[in-house]
Amino acid sequence: MRRAILVGAFVLVAACASQPAPVAGSVELPPAGVGFFEINLRGAAGSTASYDWSTTPTTTVHFDVHTHRGNRVDYLENGTFAARRGSVAFPENGTYSLLWQNPEAHPALLRYEVVGDFTLLSMQRP
């Protein structure tokens, strides 16, 4: 019986350890022209990042997922939204960034969560 409990506890710990920890929080996006918020990740080819975010008050902001290739910027997602839930698959090993920028004259609170098979490199706050 004792052995079964130890094996069960090991399986539970191993299962919990394999779950990726989310990158989550909130940040105030300043009015237009003042700055942006960016999360920088390292991802392997074929791995994914899932995101879920919204703004308060409901504000349409610029959101993109991009990577830099020399002097070129490649966008995997690019648009304006007040909230967004989705995922992106990384086409190759590299650094990928999720970026939010507020084009409005008033600040907006961004609440975000990103989870997946990646390494968090940095976050650039406004």
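The values are calculated or read from the model by the stated rules, or taken from the named source; none is laboratory data. All of these numbers come straight from a predicted model, not from anything done at the bench. Cβ atoms come from the backbone with ideal geometry, glycine included; neighbour counts cover every protein chain shown.
Considering only residues that are modelled with pLDDT under 95 and more than 18 Å from GLY25 (Cβ to Cβ), which ones fall in segment 51-67?
PRO57, THR58
With at pLDDT 95 or above and over 20 Å from ALA21 (Cβ atoms) as the only criterion, which of LEU120, LEU99, LEU110, LEU41 stands out?
Numbers: LEU120 fails: over 20 Å from ALA21 (Cβ atoms); LEU110 fails: over 20 Å from ALA21 (Cβ atoms); LEU41 fails: over 20 Å from ALA21 (Cβ atoms).
Matching residue, one of LEU120, LEU99, LEU110, LEU41: LEU99.
Could you please give the count of residues in segment 27-73 that are assigned to a strand (DSSP E or B), of a type in the set (Ser, Thr, Tyr) and within 17 Å of GLN101 (Cα to Cα)? So that I can check it myself, show each step before the final result.
Here is the first cut: in segment 27-73, the ones assigned to a strand (DSSP E or B) are 27-29, 37-43, 48-56, 61-69, 72-73.
Imposing the further condition that a residue be of a type in the set (Ser, Thr, Tyr) reduces the set to 48, 50-51, 54-56, 67.
Now narrow it down to the ones that are within 17 Å of GLN101 (Cα to Cα): 51, 54-56, 67.
Number of matching residues: 5.
Test of understanding: among ALA24, ALA9, which residue is aliphatic (A, V, I, L, M), surrounded by 10 or more Cβ atoms within 10 Å (Cβ to Cβ), at pLDDT 95 or above and outside any loop (DSSP other than H, G, I, E, B)? Outline the logic, then answer.
Details: ALA9 fails: at pLDDT 95 or above.
Result of the check over ALA24, ALA9: ALA24.
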